[in-house]
Amino acid sequence: MMSIVRSTNDALRISALRTLSPELKTVVAIGAYGAWTAITWLLEGRIQTLLRPDAVADRLLYTSVANVLVGTVLSLVLVREFVAAGFTTREQLGLRSLRRTVSAVIFGGLLGIGLYMFQQPPTADPIVVLNVFAQVLPVSIAELVVCWALVGGSVAALLRHRRLNPTLADGIALVISAVLFGVYHFAHSPPFNTAEMVGSLTVVGIGTGLIYFVGGAFYGALVFHNCMALFGIISSLAVSGQLNTYQEPRVALIATAIVSFVLLVAVERLFVRPPLSSDSGNSRG
């Protein structure tokens, strides 16, 4: 098992990224955000994939490529290189101990569900909520990895490198992450690509950013973020008359969510590691 991990670790290594300056590392992160947004538009917004419940193949392609491959795995490869270079750390990216992670997930989940119920949603049916939670999770994972860990983490690291106060650096990164998260929705299907919705989602991004940067909890922010997405998606389904199609467990959605989450945990736990002493001499940006 360990030999497989080491082989994969070597295969994922992109040494050229480690020697880039902090400024260029941040440019790479923003470029990855741009590519992810463009692919989202190509596979979802352009052909309005999420407005076509029967477009199973298009939905699978969008989820697999835009969110799992690009938004999660490839983006975490970049995060991996930045951590291995000493540009940032796991702790600064909100990747904490198991005990702290579990506590943050419970807090984020309770807060998110509480806010969902406070908004008087169209339904509280646990099966509907489970199905929608599963449908949104691969997207939320990609959003957290790209907007907050990759871009936000890079911006905060760059500002700390320039000797800015760490709290102020995190605050600036929080705002940038939230704005990029909102803007990214212009690449989606209606109603999420409207200026009003983008503005509302930017505010949601601020809430996610508070848990991520202030709480220092990636997984807590992820659960909260996914819970916050429930209201918008379920309301949209209710308006379009599609809510009844979610009243039975949708195995494909749940299975995709599980695969996405397992990939996230596996990649960040096995490969996003601090620099080895033999690498640290020449790789720090």
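Each Lys or Arg adds one and each Asp or Glu takes one away; over the other residues whose Cβ falls under 15 Å from the Cβ of Leu98, this sums to +3. Each part gets one Cα centre, and for segment 188-203 versus segment 111-133 those centres are 20 Å apart.
Could you tell me whether segment 18-79 comes out rounded, prolate or oblate from its Cα gyration tensor? Rule is a ≥ b ≥ c as square roots of the eigenvalues, rounded for a/c under 1.5, then prolate if a/b exceeds b/c, otherwise oblate. Taking the square roots of the gyration eigenvalues as a ≥ b ≥ c, segment 18-79 is prolate. Under the classification rounded if a/c is under 1.5, otherwise prolate if a/b is larger than b/c and oblate if not, where does segment 1-124 fall, given a ≥ b ≥ c as square roots of the Cα gyration tensor eigenvalues? It is oblate, given that a/c is not under 1.5 and a/b is not larger than b/c.
Structure remark: mean-square fluctuation, Gaussian network model of the chain, C-alpha springs under 10 Å; the largest value among Leu150, Leu98, Leu60 belongs to Leu98.
Taking Cβ atoms as reference points and 12 Å as the exclusive limit, the residues near Trp36 contribute a net charge of -2, counting Lys and Arg as +1 and Asp and Glu as -1. The tail of the calculated P(r) for the chain, taken as Cα-Cα distances beyond 34 Å, holds 17 percent of the pairs.
When Glu248, Glu196, Glu23, Glu81 are compared by accessible area of protein heavy atoms, the largest-first order is Glu196, Glu248, Glu23, Glu81, using a 1.4 Å probe. Using a simple spin-label model with pseudo-atoms 7 Å out from Cα toward Cβ, Ala255 and Glu23 lie 5.0 nm apart.
Each residue of segment 90-97 is assigned a 3J(HN,Hα), and the resulting list reads 4, 5, 5, 8, x, 9, 10, 5 Hz, derived from the Karplus form 6.51 cos²θ - 1.76 cosθ + 1.60 (θ = phi - 60°), x at Gly and Pro.
Surface calculation, 1.4 Å probe, protein heavy atoms: Val83 sits at approximately 0 Å² accessible. With every protein chain in place and a 1.4 angstrom probe, the accessible-area ranking of Met117, Met228, largest first, reads Met117, Met228.
Global dimensions of segment 146-260 from alpha-carbon coordinates: Rg and Dmax equal 16.4, 54 Å. Would you please classify the overall shape of segment 129-170 from the alpha carbon gyration tensor, given that a ≥ b ≥ c denote the square roots of the eigenvalues, rounded means a/c under 1.5, and beyond that prolate means a/b larger than b/c while oblate covers the rest? Prolate is the answer for segment 129-170, as a/c is 1.5 or above and a/b outweighs b/c. Extension gain, Val262-Gln242: 0.36 nm per intervening residue step, less the Cα-Cα distance, totals 4.3 nm. Output the 0 to 90 degree angle, nearest 10, between the alpha-carbon long axis of helix 195-209 and the longest principal axis computed from the alpha carbons of the chain. Helix 195-209 sits roughly 50 degrees off the main axis of the chain.
The values are calculated or read from the model by the stated rules, or taken from the named source; none is laboratory data. Note that the coordinates shown come from a computational prediction; the quantities given were computed from them, not determined experimentally. Neighbour counts run over all protein chains shown; Cβ positions are idealised from the backbone, glycine included. Protein only, heavy atoms only, side chains kept; ligands, DNA and RNA dropped before computing areas. Shrake-Rupley method; radii C 1.70, N 1.55, O 1.52, S 1.80 Å.
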